[in-house]
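Chemist: Here's a structure for you.
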Amino acid sequence: SHLCVGVDFYVLVYSVASHHSFLAVQEIFSKLVRTTGLSLKGIHCTAKVVLVGMKIDVQQREVSHDEGEALAKQWGCTFLECSAKADV
């Protein structure tokens with residue numbers, strides 16, 4: 001697919017404070033699978049996927065670390081959590 005040409009990786013980002021954003025990133029991944037040839041068992045194009053949970057500094061999480069990690073494992077991709085705030 002033309003969406004894979006020159007792409008090294010896709011970074012899919014959601015907010016740990018928003019379950020809606022977690023669901024949205026899953027829909028985005030599904031669209032990438034359909035349009036680029038990404039697969040759950042590996043990638044047909046040369047791109048990789050990184051799943052990132054943002055805003056880990058918030059007091060009330062709607063998406064646990066384990067949920068993000070499980071989704072990344074299901075997709076066979078790297079998982080990170082981070083915050084834009086310093087010292088987090």
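The values are calculated or read from the model by the stated rules, or taken from the named source; none is laboratory data. Not measured: the values here are computed from a predicted model. Note that each Cβ is placed from the backbone with ideal geometry, even for glycine, and that neighbours are counted across all protein chains shown. Remember, those area values only see protein heavy atoms, side chains included, never the ligands or the DNA or RNA. Shrake-Rupley method; radii C 1.70, N 1.55, O 1.52, S 1.80 Å.
Chemist: What number goes with the only condition from (1) at pLDDT 85 or above; (2) assigned to a helix (DSSP H, G or I) that THR35 does not pass?
Modeler: The single condition THR35 does not satisfy is (1).
Chemist: Return the total of residues in region 13-35 being under 12 Å from GLY68 (Cα atoms) and exposed (fewer than 14 other Cβ atoms within 10 Å of the Cβ).
Modeler: 1
Chemist: Under the condition of being part of a helix (DSSP H, G or I) and either touching an Asp or Glu at 6+ places or on another chain (Cβ under 6 Å) or not hydrophobic (A, V, I, L, M, F, W, C) (or both), which residue from region 49-88 is least open to solvent (accessible area, probe 1.4 Å)?
Modeler: GLY68
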